[in-house]
1. Compute the length gained on full extension between residue 156 and residue 131: take 0.36 nm times their separation in residues and subtract their Cα-Cα distance, giving the result in nm to one decimal.
2. Once the convex hull of the alpha carbons of the range 57-188 is built, what does its volume come to per residue, in cubic angstrom?
């Protein structure tokens, strides 16, 4: 493994450990020949990483870093590091199919959850809009009723636009009609 550090993770399907090259954070390289050197180093790291991932039985040192990650390396980082044999197994075709099926089921469930959330949001938005319209209709009916109730005399305009005052019985009927309309608009 020649100085390569591997991060070991458990495969959720097979419950086996897999040795993967530990990735280092990307660095900004200066212009000039450095990008070519960086590409060459990347290719070398990939080649060495594939050796790490395909090793059948390799003696390595196991350590746990500060974040609790298990790290295997071919070099001991301290005197109390334990030496361990790591076996890496390729998944079978059935395992890969089951993993793909599980992934598709998870994606379908996520799509369904998003559709349900979108539908719920649309329903809530529609209900809020209906409530707002109902409240506006109630306020309009209430304002109209109060204006008729507080008026001393009610009138209607004739064809020429002149006011024609209503008799008391017609005015009372118009007030009663406005009161019923307000009750209908303002009931929950």
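1. 5.7 nm
2. Dividing the Cα hull volume of the range 57-188 by its residues yields 280 Å³.
No value in this document is a laboratory result; all are computed from the given coordinates. Everything quoted here is computed from the prediction, not taken from an experiment.
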